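The structure appears right after this line, and notes come after that.
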Amino acid sequence: MTEVRTERSISVVVNGVPREATVPVRWLLSDALRHEFGLTGTHVGCEHGVCGSCTVLVDGQPTRSCLVLAVQVDGREVTTVEGLSRSDHQGGQVLHPIQEAFRECHALQCGFCTPGFLTTIAAGLDARDPSVEITEEEVDELVGGNLCRCTGYANIKKACRHAAATMRDEAAR
Amino acid sequence: MKPAPFGYVDPTSVDEVLDVLTSEGEGAKVLAGGQSLLPLLSMRLAAPTTLVDINRVPGLDQISAGRDGVRVGALVRHAQLLASSEAADVQPLLGRATANVAHPAIRNRGTTVGSIAHADPSGEMTAVLALTDGSVTVATPDGRETIGWGDFFLGPLETSVHGPAVVLDAFFPALPERSGTAFAEIARRKGDYAVCGAGVVVTLDADRRVSSARAAYLSVGLVPEVHDLTDAVVGQPVDTADWTAAGELARGLVDPDGDLHASADYRRLLVATLTARTLADAGAEAARRTA
């Protein structure tokens, strides 16, 4: 489109559901998710790309939702922390292994940063070969872009290893 | 904070991009990956009147690796370049430097050419463009021109490109024969802005003696700096070359500023240390490629 606009209509698939909205072009994706679509699981910390709390998946790729304009995801698929759970093939939903692992390993305290960690790590784990044991370097890379000021990361890294082990067992079955 | 109000347009061809940049005038700004631009908007350090989003222009997301070098289109994401074995085969610095660019989530969106056009002296790819003696292709309403890195970077966040113009690609010449590279940086947190970083190229002669040693630094000057350190090691056998002397030479050549993150003296120390360390790695690689 070559017309300069200050408001645009967008169509975006959010957590598998097609959504439409008319948004001011200066809205960040995080604004649209929270204020237009009511998905407040995406937390906004620094709002300039440093903290990683607002990370969502755009076409499956971890992306800072504060560093993308809402108009830029027109026609794309967005997955937020609310969309990480999966069908259990019996009509219900089960949490992603990393969500289970966060609970199991006590990988959160205040929880503010948690959605960003979950989306980033889930995408990273889903993209790797589950049969290969996860290395410390991989774990560092998975968590390195997100800030947590409570836990000291030890339990978050433990959760990464726990989830990777769960996914390895699931793949072996 | 939120960006100040602006107009938005997403043209679908380079000609349309140039048309809208021309009609919107001085206040228009090109948006590619946005990983540097959007923080500037949110912090209100920049307030363009119009954002011209080039993400829907087809054909700009290509990496073409040939014998002479690697051409990286304006919409190639850092992650795409990092994953390209063809690019790494022709110019290994591309993968090595890109691995140091921020975090995976930023690399998925940020573009290599965008970070060059942003001209941040702490950027990895600006240093690699300089070290490889690369250039950029710029489209203006008058046509396309190639601008060498030395004429492109004028200062922090400032390039020689003004008026309606968009950078279409960056060209990184191939690594010469009998050469090796290395890249390293020191940051307070992995993926953060480097306090200091160095990329180096070492070239040997047929007798495995050092014939050239060059280094580029980030976060030490106002623009990417390339220094020729050959004098410190020229003619020395690669296995016993005095890389520490080359590091000391580099320490005397740079003139960094101090800031909150590091004093000028500390940056000079890092230059010496990173230079010696990376040259040793690059020398070893050059030796393997010469054997």
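The values are calculated or read from the model by the stated rules, or taken from the named source; none is laboratory data. As the structure is a prediction and not an experimental result, all values here were calculated from the model. All Cβ positions, even for glycine, are placed from backbone atoms using ideal geometry, and neighbour counts span all protein chains on display.
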Residues of the range A:13-38 being among the aliphatic types (A, V, I, L, M), within 24 Å of B:A4 (Cα to Cα) and touching an Asp or Glu at 6+ places or on another chain (Cβ under 9 Å), which ones? A:A21, A:V23, A:V25, A:L28
Inter-residue pairs, beta-carbon under 6 Å, first not assigned by TED's automatic domain parsing to the domain that holds A:M167 and in the range A:115-137, second surrounded by 11 or more Cβ atoms within 10 Å (Cβ to Cβ) and assigned to a helix (DSSP H, G or I), 6+ apart: none
With the condition kept exactly as written, say whether any residue in the range B:49-71 is in contact with a Gly (Cβ under 6 Å, 6 or more places away or on another chain) and among the acidic types (D, E). yes
Going by what's in this entry, would B:G95 be described as assigned to a helix (DSSP H, G or I), touching a residue at least 12 places away in the same chain (Cβ under 8 Å), surrounded by fewer than 20 Cβ atoms within 10 Å (Cβ to Cβ) and among the small types (G, A, S)? yes
Just name the residue that is nearest to B:A206 (Cα to Cα) out of those in the range B:171-187 that are part of a strand (DSSP E or B) and not small (G, A, S). B:T181
Tally of residues being over 12 Å from A:V14 (Cβ atoms) and touching a residue at least 60 places away in the same chain (Cβ under 8 Å) across the range A:75-89: 1
Residue ranges of strands (runs of 3 or more DSSP E) in the range A:48-101 with at least 1 members touching a His at 6+ places or on another chain (Cβ under 7 Å), crowded, with 23+ Cβ neighbours inside 10 Å and more than 13 Å from every other protein chain (Cβ to nearest Cβ): none
Restricting to the range B:115-151, give me the number of residues that are in contact with a strand residue (DSSP E or B) (Cβ under 8 Å, 6 or more places away or on another chain) and under 24 Å from B:L82 (Cα atoms). 23
Only listed residue being at pLDDT below 95, of a type in the set (S, T, Y) and on the phi < 0 side of the Ramachandran plot, chosen from A:T151, A:T120: A:T151
Taking the range A:67-94 on its own, how many of its residues are under 18 Å from A:A21 (Cα atoms) and among the hydrophobic types (A, V, I, L, M, F, W, C)? 6
Which residue is modelled with the highest pLDDT, if the candidates are limited to the range B:1-42 and must be within 7 Å of chain A (Cβ to nearest Cβ) and surrounded by fewer than 13 Cβ atoms within 10 Å (Cβ to Cβ)? B:P5
Does the range A:30-45 include one or more residues that are at the interface with another protein chain (Cβ under 10 Å from one of its Cβ atoms), part of a loop (DSSP other than H, G, I, E, B), within 27 Å of B:R189 (Cα to Cα) and not polar (S, T, N, Q)? no
Looking at the structure I just gave you, is A:I121 more than 11 Å from chain B (Cβ to nearest Cβ), crowded, with 20+ Cβ neighbours inside 10 Å and out of contact with any His (no Cβ under 6 Å at 6 or more places or on another chain)? no
Is it the case that some residue within the range A:126-145 is more than 11 Å from the chain's Cα centre (by Cα), closer than 21 Å to A:L33 by Cβ and surrounded by 17 or more Cβ atoms within 10 Å (Cβ to Cβ)? yes
Residue check for A:A101: of a type in the set (G, A, S), over 25 Å from A:G49 (Cβ atoms) and modelled with pLDDT of 95 or more: yes
